[in-house]
Ligand code: H53
């Protein structure tokens with residue numbers, strides 16, 4: 001429906017157009033107005049929740065004005081757009097980010113203070129938007145920030161889960177999951193009840209020939225669910241560009257419950273349809289790096305993909321261009337294989353709905369002029385998505401036919417290239433000939449994309465030589481590329497560590513480093529500057545004091561802020577090896593217990609801090625959490641140990657907690673079995689905040705080492721190239737356990753940390769079941785390297801120099817660099833220039 005106001009009536013609109021507020025007085029006026037009208041409260045009953053609501057609404061109004069202008073500008077320019085399809089967006093809090101990105105945090109701080117509030121208290125009222133599990137979801141959030149900050153015309157498309165990642169409670173040392181209902185009050189989203197897409201499931205396919213002898217397929221029957229759009233504004237830093245993240249929410253097609261059933265007394269089933277439809281976008285699947293093949297998950301994927309593509313195609317059709325221009329206007333990035341159905345859905349739209357013939361359509365879908373790009377984030381076999389053919393057949397019958405056709409044409413081309421190689425055909429087929437047959441989503445994504453990228457150099461090399469080897473032979477090496485991950489320095493330095501950001505700004509000529517992170521290089525000249533080092537160390541200490549207070553208030557344990565803070569926070573997974581860390585802690589405990597009082601005096605005190613969620617069904621990961629908590633319970637109250645060792649498990653690790661934890665580390669642990677962690681991104685965050693790393697030669701650790709220098713990182717353990725051979729030897733019985741690890745296991749088995757039965761599966765997986773993750777193989781190297789950390793930390797002067805040099809050399813890891821690489825190598829899009837940029841440093 002055309003709802004545009006006629007030309008001759010637009011003057012009134014222009015005259016009264018909303019203008020973004022800028023001054024402190026205007027901000028206060030807006031806050032008071034929202035308290036008194038939107039919230040129907042007053043100065044007599046305005047608590048911090050209400051103040052948060054009003055301040056957020058004031059900023060939201062401002063964002064939305066710029067959002068509107070950005071959308072108009074982008075529509076008018078009609079240039080190529082990027083669509084980032086991700087099932088996860090781990091956004092964290094929005095208010096602090098909005099204030100900083102529009103450059104009005106100080107204005108808000110003063111304004112709130114005049115109204116009787118402390119800005120920190122107001123910021124802390126916000127519930128995290130936690131629509132993601134871990135690295136993959138947070139990467140998507142950093143990318144949105146960078147795309148807006150760099151003025152790219154870009155949209156994120158995702159699902160509006162009613163329940164984000166569960167909240168973790170620790171009860172008697174065990175993880176307990178509590179639902180995260182986060183939508184009670186969410187000022188950051190705009191429901192678009194006018195943007196609704198019908199999405200079909202189930203049913204069957206009728207095929208016939210029309211009068212012209214053309215084959216026609218009609219997908220009919222089944223059920224329809226409505227997808228309703230919710231828009232979230234994404235402000236760029238120091239630019240008016242405000243992009244859009246569109247999240248889809250599911251709703252029953254009828255909208256209401258069935259009145260007839262209701263009137264006939266059948267209340268329960270009258271709401272059942274509605275509930276069934278709403279289930280689709282109800283919960284985020286809580287697995288990271290694990291595929292469980294559940295029907296509801298496939299439903300989520302198709303629901304989201306179908307609605308997003310419909311929206312993208314609708315926008316394209318408005319421009320009245322020919323279909324052949326589609327690839328010049330649109331770049332779609334598939335964040336992992338979750339949105340792979342987009343390839344099939346576009347082909348379906350073109351042949352079934354738009355009447356193109358197969359070849360014409362497939363040329364558009366797979367056009368080399370930048371259409372679909374596929375990012376692979378893992379080589380772990382248990383994380384690679386496969387869907388059973390019978391399940392597919394039932395839910396998406398037409399899509400399965402199209403996949404079979406795509407596969408047939410693909411295999412024919414392989415056969416032409418490698419005549420007679422039957423094994424090759426079986427290996428690369430999109431359909432796995434198993435019982436039941438399975439659709440291999442990664443293979444479909446490769447066949448349908450023009451570029452496939454890994455997320456760090458080692459990882460991108462590994463996918464080319466292992467899981468996608470045959471595809472390199474088939475398509476040639478140019479289809480495969482690397483874009484090493486990055487993080488946004490706005491949230492992960494400026495927002496999380498304001499004092500460090502301020503110090504850097506004072507030495508590098510303002511906040512420019514936040515837009516060009518290579519400017520950090522200028523810090524090298526201060527690496528030996530006494531005054532600077534003093535300030536640097538004071539900031540680290542203050543951040544540790546803040547974390548120590550947080551630890552005290554949440555766990556009751558007192559930790560010494562002068563101790564070495566050793567942190568491992570990330571999802572709990574065997575491949576990430578929190579078990580190696582906690583076994584190392586137990587080894588340290590044994591060592592301390594065996595020391596004389598004199599020896600103890602020479603030891604550097606440590607606080608070992610853990611945090612992270614285990615997937616609810618991942619028993620081994622939960623066992624590791626249990627062990628960490630039980631070790632803490634024993635060690636923390638042992639008078640022989642005192643301050644020399646404390647073990648902390650922080651409950652419910654999430655983005656806003658990461659903002660407190662990350663700036664407080666002296667050393668952080670990134671100790672995955674070599675070849676298993678695709679990149680890791682928290683490693684980058686910790687170094688950027690002046691912490692050092694103990695890590696394996698894995699993922700982005702390798703590139704971090706290259707950038708900051710090997711003197712500034714503590715690397716240990718076996719290399720990726722040796723992992724396979726080591727596993728092989730384990731399986732053939734020649735697995736000899738590391739003697740120090742045996743002592744650790746003996747202590748666990750003596751019930752020192754509670755009933756050892758609870759940990760039998762964990763120790764057994766290493767001693768008796770092949771030690772797949774090479775814990776014992778790497779144990780000695782790990783312990784030795786930790787001893788080097790102890791030594792190095794004693795020389796605070798050198799330690800500080802190392803951290804300054806490291807920060808100075810971290811420019812490469814900005815997500816702005818990533819986005820520019822994607823734009824150039826994969827998307828072929830240009831930023832849309834802005835006439836008036838904000839003028840950096842207006843807040844200094
Ligand atoms: O993606 C991150 C990587 C990290 C990798 C992670 C990831 C998930 O969070 C979930 C599924 C998956 O396949 C991969 O584990 O190494 O840094 C962003 O690329």
Pick from segment 118-141, criterion assigned to a helix (DSSP H, G or I) and over 13 Å from residue 335 (Cα atoms), ranking: nearest to the ligand (Cβ to nearest atom): 123
Just for segment 406-448: of the residues that are within 16 Å of the ligand (Cβ to nearest atom) and touching a strand residue (DSSP E or B) at 6+ places or on another chain (Cβ under 7 Å), which one is farthest from residue 706 (Cα to Cα)? 440
Is it true that some residue in segment 449-461 is within 23 Å of residue 683 (Cβ to Cβ) and more than 14 Å from the ligand (Cβ to nearest atom)? yes
Counting residues that are away from the ligand (no atom under 16 Å from the Cβ), which strands (runs of 3 or more DSSP E) fully inside segment 605-712 reach at least 3? 606-611, 645-650
Residue within segment 244-262 that is at pLDDT 95 or above and part of a loop (DSSP other than H, G, I, E, B) present: no
What is the number of the single condition among (1) in contact (Cβ under 8 Å) with a residue 24 or more places away in the chain; (2) touching a helix residue (DSSP H, G or I) at 6+ places or on another chain (Cβ under 9 Å) that residue 397 does not meet? (2)
Here is a check on your reading of the model: is residue 384 surrounded by fewer than 19 Cβ atoms within 10 Å (Cβ to Cβ), within 29 Å of residue 330 (Cβ to Cβ) and within 16 Å of the ligand (Cβ to nearest atom)? yes
Return the pairs, sorted by first residue and then second, in which the second residue is at pLDDT below 95, the first residue lies in segment 546-565 and is within 18 Å of residue 790 (Cα to Cα), the beta carbons are less than 9 Å apart, and the residues are 6+ apart or on different chains. 563/604; 564/604
If I filter segment 159-167 for residues that are assigned to a strand (DSSP E or B), in contact with a helix residue (DSSP H, G or I) (Cβ under 7 Å, 6 or more places away or on another chain), modelled with pLDDT of 95 or more and within 16 Å of the ligand (Cβ to nearest atom), do I get at least one hit? yes
Matching residues in segment 175-189 - criterion: being surrounded by 15 or more Cβ atoms within 10 Å (Cβ to Cβ) and assigned to a strand (DSSP E or B): 175, 177
Which listed residue, of 305, 313, is surrounded by 20 or more Cβ atoms within 10 Å (Cβ to Cβ), in contact (Cβ under 8 Å) with a residue 12 or more places away in the chain and assigned by TED's automatic domain parsing to the domain that holds residue 451: 305
Out of all the residues in segment 344-365, is one or more within 16 Å of the ligand (Cβ to nearest atom), in contact (Cβ under 8 Å) with a residue 24 or more places away in the chain and farther than 25 Å from residue 295 by Cβ? no
Elements of type helices (runs of 4 or more DSSP H) in segment 1-113, at least 3 residues being under 33 Å from the mean Cα position of the chain (by Cα) and under 28 Å from residue 153 (Cα atoms): 48-77, 95-101
For residue 468: the one exception among (1) within 16 Å of the ligand (Cβ to nearest atom); (2) crowded, with 22+ Cβ neighbours inside 10 Å; (3) under 22 Å from the mean Cα position of the chain (by Cα): (3)
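The values are calculated or read from the model by the stated rules, or taken from the named source; none is laboratory data. Since this is a predicted model, take the numbers as computed values, not measurements. Positions of Cβ are backbone-derived with ideal geometry, glycine not excepted, and every protein chain shown enters the neighbour counts.
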